[in-house]
Amino acid sequence: MNNKKKLYLLLCLLIVVSAAKVAEHLSFFYFNPDSAQSNLSQLKSDMDSVLTQNRQAFSFQPFSRLEDFDKQLRAERPSLLYVPYWYLERYGKEIGLRPLLQSIRLDKSTYQKQLITNIRSNKKIKELENGSLAMTTMGPESRSMLNTLIFSEHKMDVDKLSIVEVPKDADAVFAVALGQVDSALVSETNLQRLKQRNPRLTASVRIIADSKPITLPVLCYLEGAFSEEELEALRKQLQDSTTQKGKSIYKILNIDTWRPQI
């Protein structure tokens, strides 16, 4: 093989390797079990459209299951991730996650969950101790978090609860309404949205307690994915709510704005 052919093959190889690195570098993963968005195909389509219109080369991938998200994250090492705060707290150091922007809704960086039961049930919160509870995942420390967020002040033994994990809050509300579980813990925002869309469904449940505030999801990046200059530019661009891009992303993620994460 002559030198020209060798040089040509080398250039082709470099192009392929560079393209692969760019594709990996620009992956954007999404995992938010408390989202009001249940149609992940639509979510991906909406976000892809916004990113393309604004010449952002990120490949957006939403996940519904924690196991799938965690496995793919470790295999592909995406650049950007939108995750629950508990995920950042639990896995941030291990994976190399760093917070970039904090979600803000109604001028707050927190939201609350509500404990609900069937409208026909007259049980008080303490009497639910040996029953079943439907909820979206909060990771491997779900029981500990439940205790901190809501049950410790009622002196309940969380270990006696039978926890049924569901993909979305709507599934938990349906399970309570149909009598499949004794109680559920769901986002206040999602319950209000369901009330607007399906008032007959939400009329069949009652709220018996509110959780302590929970930090809203965080936009993160992986260590080494961006230079400091790139991070600052990305942070500024995403915070600019006057652009169509900013407004669209806010709407898709059901937030009002971002707050810098230092």
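The numbers here are math on the coordinates, done by the rules we state, and not lab data. Every value quoted in this text rests on a predicted model; they were computed, and no experiment measured them. With ideal geometry, Cβ positions are generated from the backbone for all residues, glycine too; neighbour counts draw on all protein chains shown.
Karplus couplings for region 89-98 from phi (6.51 cos²θ - 1.76 cosθ + 1.60, θ = phi - 60°), rounded to Hz, Gly and Pro as x?
5, 6, 10, x, 5, 5, 8, x, 7, 10
Compute the signed sum of charges (Lys and Arg +1, Asp and Glu -1) over the other residues within less than 15 Å, Cβ to Cβ, of SER132.
Within the 15 Å Cβ shell, the charges total -4.
With +1 on each Lys and Arg Cβ and -1 on each Asp and Glu Cβ, and nothing else charged, work out how big the dipole of region 168-243 is about its Cα centre, in Debye to the nearest 20.
Dipole magnitude for region 168-243 comes out near 740 debye.
What size of dipole, in debye to the nearest 20, comes out for the chain about its Cα centre when the only charges are +1 on Lys and Arg C-beta atoms and -1 on Asp and Glu C-beta atoms?
Rounded to the nearest 20 debye, it is 560 debye.
Using a basic spin-label model with each label point 7 Å from the Cα along Cα→Cβ, how many nm lie between GLN112 and LYS71?
The two pseudo-label positions are separated by 3.8 nm.
Taking the number of other C-beta atoms within 10 Å as the exposure measure, put ILE116, ILE104, ILE249 in order starting with the fewest.
On the way: ILE116 25, ILE104 16, ILE249 21.
Ordered from fewest to most neighbouring Cβ atoms within 10 Å, ILE116, ILE104, ILE249 come out as ILE104, ILE249, ILE116.
Distances longer than 15 Å among the Cα atoms of region 39-116: what percent of all pairs is that?
67 percent
Need the full-extension length gain, GLU223 to ARG259, defined as separation in residues times 0.36 nm minus the C-alpha distance. One decimal, nm.
Contour length minus Cα-Cα distance gives 11.0 nm.
Go through region 123-135 residue by residue and turn each phi into a ³J(HN,Hα) via Karplus (6.51, -1.76, 1.60, θ = phi - 60°); whole Hz please, and just put x for glycine and proline.
Using θ = phi - 60°, the values come out as 5, 8, 4, 5, 6, 8, 3, 9, x, 9, 9, 9, 6 Hz.
At q = 0.14, 0.18 Å⁻¹, what base-10 log of I(q)/I(0) does the Debye formula yield for region 113-212 when every alpha carbon is treated as an equal point scatterer in vacuo?
Reported log10 I(q)/I(0), two decimals: -0.45, -0.75.
How many nm separate the modelled label positions at GLU153 and GLU141, each set 7 Å beyond the Cα in the direction of the Cβ?
It is 2.0 nm.
Can you sort VAL173, VAL158 by how many other beta carbons sit within 10 Å, fewest first?
Going from least to most buried by this count: VAL158, VAL173.
Could you work out how much longer the chain between GLN53 and GLN37 gets when fully extended? Use 0.36 nm per residue separation minus the Cα distance between them, nm to one decimal. Write out the running numbers ahead of the final one.
Numbers: separation 16, 0.36 × 16 = 5.76 nm, distance 2.15 nm.
Fully extending the segment from GLN53 to GLN37 adds 3.6 nm.
Can you tell me the FRET efficiency between ASN130 and GLU230 if r is taken as the Cβ-Cβ distance and R0 is 35 Å, rounded to the nearest 0.05?
Working: r = 53 Å, r/R0 = 1.51.
Working from the Cβ atoms, E equals 0.10.
For the chain, list log₁₀ I(q)/I(0) at each q in 0.10, 0.13, 0.14 Å⁻¹, using the Debye formula over Cα point scatterers of equal strength and ignoring solvent, two decimals each.
So the normalised log intensities work out to -0.57, -0.88, -0.99.
In what order do THR136, THR148 fall by count of nearby beta-carbon atoms within 10 Å, going from fewest to most?
THR148, THR136
Which length gain, in nm to one decimal place, applies between ILE119 and SER162 when the Cα-Cα distance is subtracted from 0.36 nm times their residue separation?
13.5 nm
So for region 113-212, taking the charge dipole from beta-carbon charges (+1 Lys/Arg, -1 Asp/Glu), which of ALA134, SER152, ILE116 sits furthest toward the positive end?
Projecting each Cα onto the dipole axis, the largest value belongs to ILE116.
I'd like the Karplus ³J(HN,Hα) series for region 219-228: coefficients 6.51, -1.76, 1.60, θ = phi - 60°, whole numbers in Hz, and an x wherever there's a Gly or Pro.
Once rounded to whole Hz, the list reads 7, 10, 9, 8, 3, x, 6, 9, 7, 4.
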